[in-house]
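A short write-up of the structure that comes next.
The values are calculated or read from the model by the stated rules, or taken from the named source; none is laboratory data. A quick note: this is a predicted structure, and the numbers were derived from the prediction, not measured. Cβ placement follows ideal geometry from the backbone for every residue including glycine, while neighbour counts extend to all protein chains displayed.
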Amino acid sequence: MELNVIQVIAIYAIPVILAITLHEAAHGYVAMRFGDMTAFAAGRVSLNPIRHIDPVGTVVLPLALLALAKLFGGGGMLFGWAKPVPVNFANLRHPKRDMLWVAAAGPLSNLVMALLWAITVKVSVSLPGNYFALPLALMGAAGIFINVIFMVLNLLPLPPLDGGRMLVSLLPHRLAYKVSRIEPYGFMILLVLLFSGVLGYVLWPAISLAMAGVSGLFGIPLAELIRLGRQ
């Protein structure tokens, strides 16, 4: 069954919003557990997506990229962001060390969501003929793709991405300082990599490997996931 643009957006909307907003909420929650109450005070340690949505980064851009991919064919690197959760690393009990866990919380949340969406796919394909089976399978496959992409993207060792902050946490102080100085330019570098096509070239092997891992863990044929994701 070939889906139109509106149907594709309807299937992807919930996975996209959850993937981005719960990613941010995870940062705030872990920061709170390690001593920084900044995000909590701002009301950002919340599962309410409205508190995290950036109209452009969370809704317009990701769905526009999906629509363009559907209209013109082929894949693409899904890209988006939420309102950054405010974290004052100086308030952490061990700022340099704890930064690792605060940064890692986001990609870890995406991994958990990918696994939960995989369960949705597994359940839906076990209910052939059920009215909700196909929509659930499509949304589940979309959820796996979205969360795997966001997880791998955010692990890129480029500040201010989570991978960059994890790298700063792990490096010796002198090297960490040099890497941290990239942060003001990191977003611009990321956009250049995205629109030049380099970002997809670098990340797709890792994305494919992660997808194969999820499909193997739940016994869902990778070809079936790809088929559902391309509907």
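Within the span defined as segment 179-194, one or more residues are crowded, with 16+ Cβ neighbours inside 10 Å, in contact with a helix residue (DSSP H, G or I) (Cβ under 6 Å, 6 or more places away or on another chain), modelled with pLDDT of 90 or more and farther than 30 Å from ILE119 by Cβ.
Within the set ILE9, ILE20, ILE50, the sole residue that is in a helix (DSSP H, G or I) and within 20 Å of LEU136 (Cβ to Cβ) turns out to be ILE9. Taking the criterion of being under 18 Å from ASN91 (Cα atoms) and of a type in the set (Asp, Glu), the only residue of segment 25-63 that qualifies is ASP36. Within segment 137-155, is even one residue loosely packed, with under 15 Cβ neighbours inside 10 Å and not β-branched (Val, Ile, Thr)? Looking through segment 137-155, none of the residues is loosely packed, with under 15 Cβ neighbours inside 10 Å and not β-branched (Val, Ile, Thr).
Quick grid of which residues meet (1) among the hydrophobic types (A, V, I, L, M, F, W, C); (2) closer than 21 Å to LEU116 by Cα:
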site: GLN7; (1), (2): no, no
site: ALA10; (1), (2): yes, yes
site: VAL16; (1), (2): yes, yes
site: ILE20; (1), (2): yes, yes
site: ALA31; (1), (2): yes, no
site: ASP36; (1), (2): no, no
site: ALA39; (1), (2): yes, no
site: ILE50; (1), (2): yes, no
site: LEU61; (1), (2): yes, no
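Within segment 23-36, the set of residues being in contact (Cβ under 8 Å) with a residue 12 or more places away in the chain, part of a helix (DSSP H, G or I) and not aliphatic (A, V, I, L, M) comprises HIS23, GLU24, HIS27, GLY28, TYR29.
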